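> The structure that follows is given in the form of structure tokens.
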Amino acid sequence: MNSIVAGIVLLSVLIHSSPAFATSYTVGDASGWKFNVAGWENSKRFKAGDTLVFKYTPGTHNVVVVDKASYDACIVPGNAKTYASGNDVVTLGKGSNYFICGFTQHCAFGMKIAANAA
């Protein structure tokens, strides 16, 4: 009898709980990863595990994962992870996540975002 009650309670909890799914965001929305995309992230509520999709023409841009100092200065550190496929998918870690375009002057023209994931 106790196992039946426990089974019913467990089933009830499973039915009424909603699983936490990661959300995928296309950076820059329909416009993609381009100049003046900085600030696009300000209206988003990111969570750790969400993904950012960077869409752009390969060879004209890239995506570089940087720290805050490099983000602020638009500098590509020598050991930075760089993506260049034109359809890059990056999973956000908890806390601040910084991305810039590593092509000369592109970051200075607003190709950078800072995504804070809860």
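> Taking the number of other C-beta atoms within 10 Å as the exposure measure, put Cys107, Cys101 in order starting with the fewest. Present the calculation step by step, with values, prior to reporting the outcome.
Working: Cys107 23, Cys101 26.
Lowest to highest Cβ neighbour count: Cys107, Cys101.
> Calculate how large, on average over all directions, the projected area of the Cα convex hull of segment 59-118 is; give the answer in nm² to one decimal.
Hull-based average projected area comes out at 4.1 nm².
> How high is the relative contact order of segment 22-117, given as a whole-number percent (alpha carbon pairs under 8 Å, six or more residues apart)?
Computed value for segment 22-117: 35 percent relative contact order.
> Sequence gap of 8 or more, or different chains, plus Cα separation below 14 Å: how many lysine pairs satisfy both in segment 22-117?
Pairs that pass both the separation and distance tests number 5.
Each reported figure results from applying straightforward, stated rules to the coordinates on display, with no laboratory input. Keep in mind it's a predicted model, so treat the numbers as computed, not measured. No Cβ is skipped: glycine too gets one built from the backbone with ideal geometry, and neighbour counts run over all protein chains shown.
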